[in-house]
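First up is the structure itself, then whatever we jot down about it.
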Amino acid sequence: MSKPAAPLKGRAARLARLMPSTGPSTAARTPFVLLVVLLLGGGLITLLLLNSALNEGSFRLSELKRDTTELTDEQQALQRDVDSRSQPDALEKRARELGMVPGGSPAFLNPDGTVRGKPTEATAPPPSPSPSPTPSPSASPDPDAPAAGPSASGAAAGPSGSPSPSGSVSATTPDPAAAPAAENSPPPTSPGR
């Protein structure tokens, strides 16, 4: 039924003599099977490690997105606060709390050194009818404080915002009750900066 194999010629015959032709060998298959099992196991472990690294990165990314959202909300709230404090009416209110008054008409110096315009002294408007705070026993006047004296070119309001009788700024020490309010309020800023 089956034909016997034809005899090999040339190079094939020499190779056949060098390699003995024995039956199928199980010893030759064992390293190949181990290699395939090791490759499959290594691939599965690598896939597992890669998947866990991707999941960890995904959790970190969602955490960073949440932090970014919180920081953006905080930044927007701070920006709204800055914008509300930079409005002209808010600036005017804080300036009045610090004892500042609107300036008078300005004078300008020409390049040749002459003065253009007539400078006037700034005067404070009459105080608003608000209840004045009662002096506390701890806010007694300091006997070592220097006496009030006229200043050369100052505004007409004292530290409390009320006009002084001479129309100039008094040189007394600031009111201790007004000092914490001045320390807590931020310095005035221009909206264009």
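Each row is one residue, and each column tells you yes or no for (1) open to solvent by less than 100 Å² (accessible area, probe 1.4 Å); (2) under 30 Å from PRO119 (Cα atoms); (3) at pLDDT below 95.
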residue: LYS9; (1), (2), (3): no, no, yes
residue: ARG14; (1), (2), (3): no, no, yes
residue: SER21; (1), (2), (3): no, no, yes
residue: GLY43; (1), (2), (3): yes, no, no
residue: LEU49; (1), (2), (3): no, no, no
residue: SER86; (1), (2), (3): yes, yes, yes
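Taking every residue in the stretch 99-119 that is among the hydroxyl-bearing types (Ser, Thr, Tyr) and pairing it with any residue that is surrounded by 11 or more Cβ atoms within 10 Å (Cβ to Cβ), at least 6 positions away or on another chain, the pairs with Cβ-Cβ distances below 8 Å are SER105/PRO119; SER105/THR120.
Surrounded by 11 or more Cβ atoms within 10 Å (Cβ to Cβ), assigned to a loop (DSSP other than H, G, I, E, B) and of a type in the set (A, V, I, L, M, F, W, C) - does that describe any residue in the stretch 101-119?
Yes; the residues of the stretch 101-119 include at least one that is surrounded by 11 or more Cβ atoms within 10 Å (Cβ to Cβ), assigned to a loop (DSSP other than H, G, I, E, B) and of a type in the set (A, V, I, L, M, F, W, C).
Please work out which one of (1) surrounded by 12 or more Cβ atoms within 10 Å (Cβ to Cβ); (2) outside any loop (DSSP other than H, G, I, E, B); (3) among the aliphatic types (A, V, I, L, M) is the condition LEU78 fails and give its number. Unmet condition: (1).
The values are calculated or read from the model by the stated rules, or taken from the named source; none is laboratory data. Keep in mind that this is a model prediction, so the values were computed, not measured. All Cβ positions, glycine included, derive from the backbone under ideal geometry; neighbour counts span all protein chains shown. The accessibility values were calculated without ligands, DNA or RNA, using every heavy atom of the protein model including side chains. Shrake-Rupley method; radii C 1.70, N 1.55, O 1.52, S 1.80 Å.
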